[in-house]
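What follows draws every value from the coordinates through simple rules; no lab data is involved. Bear in mind that the values here come from a model prediction, so they are computed numbers and not experimental data. Cβ atoms come from the backbone with ideal geometry, glycine included; neighbour counts cover every protein chain shown.
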Amino acid sequence: MASEAVKVIVRCRPMNEREKALSCKAVVSMDSTRGQCFIQNPGATDEPPKQFTFDGAYYEGHNTEQIYNEIAYPLVEGVTEGYNGTIFAYGQTGSGKSFTMQGIVDPPTQKGIIPRAFEHVFESVQCAENTKFLVRVSYLEIYNEDIRDLLGADTKQKLELKEHPEKGVYVKGLSLHTVYSVAQCERIMETGWRNRAVGYTLMNKDSSRSHSIFTITMEIYAVDERGQDHLRAAKLNLVDLAGSERQSKTGATGERLKEATKINLSLSALGNVISALVDGRCKHIPYRDSKLTRLLQDSLGGNTKTLMVACLSPADNNYDESLSTLRYANRAKNIKNKPRINEDPKDALLREYQEEIRKLKAVLAEQMNTNNLSAGLLPAETAQLEVKPALLPEPQPDVEAEKQLIREEYEAKLAQLKADYEAEQESRARLEEDINTMRTSYNLKLSTLEENLRKEAGGNGEDLEKC
């Protein structure tokens, strides 16, 4: 299975009012054309700035629309085709994570990644032909290492994490809501957003005190040219992480300090998972160290296309935090995932059969071309035939029609075999044995036909020589 690196971009917001009031200077610069980010140590201005390269670098002049179209769009498009996808924003508190993920209504170019994903998904639903979609959403938060359903009847109830051999890690009791439009998605998101834990800190008056994951689950029913249904399932995780923070800067005390401790612990666990995945020598990946890393397990090293948006403050008084974020992101871009289309198992087998038929057809076509060449006459013999047209041999049987009959017989038997398999739910091993037997029979018939052709061609040649 082909691997794919986690895509990582960096986004730097403009200076905020607090930083302007403190007369902060900008230490972050970017070369967006090369995806490069530079950060200058304010305590060592004589040293060259540290340089990092990512899949994209967006400074304060860029908007969320550009980020989505250039980086997020292909990932969400993949979800509509049956791949899992995850987009998450990381950075210190107040660096613009929620602004990137949720966005604002005005100006429209700053609408967030989450509402843009809604529009993208339903645009695909409306444009698809011979395809039906079931779209459902869920919204949870991890607050003080407790999981809460932001759309549930009791948003304070603590939910449990479970693991299923096929579904993987899931949240028991998390509500799923069927949606039919962008507007309905936006209303649900607003409801969940109002239930999120937020609080005032010196760094951010509306600081997210929890990690949140908004998940869009899609079931895709496609009808092929034969009128058969095929099922694919995909999910898109849109993650807004709480910000890493220092107590000395945020002024956190009491409950805010407890929240900050839990936030930093879970982000530290996420960093340990990223480091372990990048370090090829690590045999154990510590996914179980936090609820966050368990929920993101498939997004980091698993069956998912993943995008990380690293958010920065440009101010010199946030140099240490910004440098930490850049190093964090620089490690993450080396993670390898193994995304695949999530098909119904029966449908996945059908894809194998179709591939087998395609290969056999290619082999048959190649052998037919070879036979036509071997049965062809030499130029001298052709000249003799032109002089003595009356001596032409009897026309050969319609080889193409005979081969077509063999091919149709093979495909008919294969289709019947698949139908029997689905009806009786026989083991895959037995199915493969039957297919191998059928393939042997098919090759034998083809060989017999070719042998007959050679004999006929040889006989015709002898007749011509006698003439």
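Quick notes
- Taking amide H atoms as placed 1.01 Å from N in the peptide plane, the amide H of GLY85 lies under 5 Å from those of LYS235, LEU236, ASN237, LYS305, each 5 or more residues away in sequence or on another chain.
- Extension gain, GLU129 to SER275, is 48.2 nm, computed as 0.36 nm per intervening residue step minus the present C-alpha separation.
- Peptides 67-80, 111-124 ranked from most to least packed, by the mean per-residue count of other Cβ atoms within 10 Å: 111-124, 67-80.
- Among the listed pairs LYS167/LYS235; LYS7/LYS235; LYS111/LYS333; LYS7/LYS336, those beyond 21 Å (Cα-Cα): LYS111/LYS333
- Positive-end ranking of ALA128, TYR59, GLY43 along the dipole of region 1-128, with charges on Cβ about the Cα centre, is headed by GLY43.
- Couplings 3J(HN,Hα) of region 279-296, computed from phi: 7, x, 7, 6, 8, 10, 9, x, 4, 7, 6, 7, 5, 4, 5, 5, 5, 9 Hz, in residue order, whole Hz [Karplus 6.51 cos²θ - 1.76 cosθ + 1.60, θ = phi - 60°; x for Gly and Pro].
- Amide proton proximity set for ASN41, modelled H, under 5 Å, gap of 5+: LYS50
- Residue-wise HN-Hα coupling along region 216-230, computed from phi with Karplus coefficients 6.51, -1.76, 1.60 (Hz; x: Gly, Pro): 9, 9, 10, 10, 10, 9, 10, 10, 7, 5, 8, x, 8, 8, 10
- Additional length obtainable on full extension of the chain from GLN157 to MET438, 0.36 nm per residue less Cα span: 95.4 nm
- Between the beta carbons of ARG407 and GLN110, assuming R0 = 51 Å, the FRET efficiency works out to 0.30 to the nearest 0.05.
- Within a straight-line Cα-Cα reach of under 27 Å, LYS413 can be paired with the following lysines, leaving aside sequence neighbours fewer than 8 residues apart in one chain: LYS346, LYS359, LYS361, LYS403, LYS445.
- Amide hydrogen proximity for GLN92: with H placed 1.01 Å from N in the peptide plane, the residues at 5 or more positions away or on another chain lying under 5 Å are SER244.
- What the phi angles of region 32-37 give under the Karplus curve with 6.51, -1.76 and 1.60, with θ = phi - 60°, is a coupling list of 5, 5, 9, x, 9, 10 Hz, glycine and proline written as x.
- Computed E for ASP224/ARG18 - FRET, C-beta separation, R0 51 angstrom, nearest 0.05: 0.30
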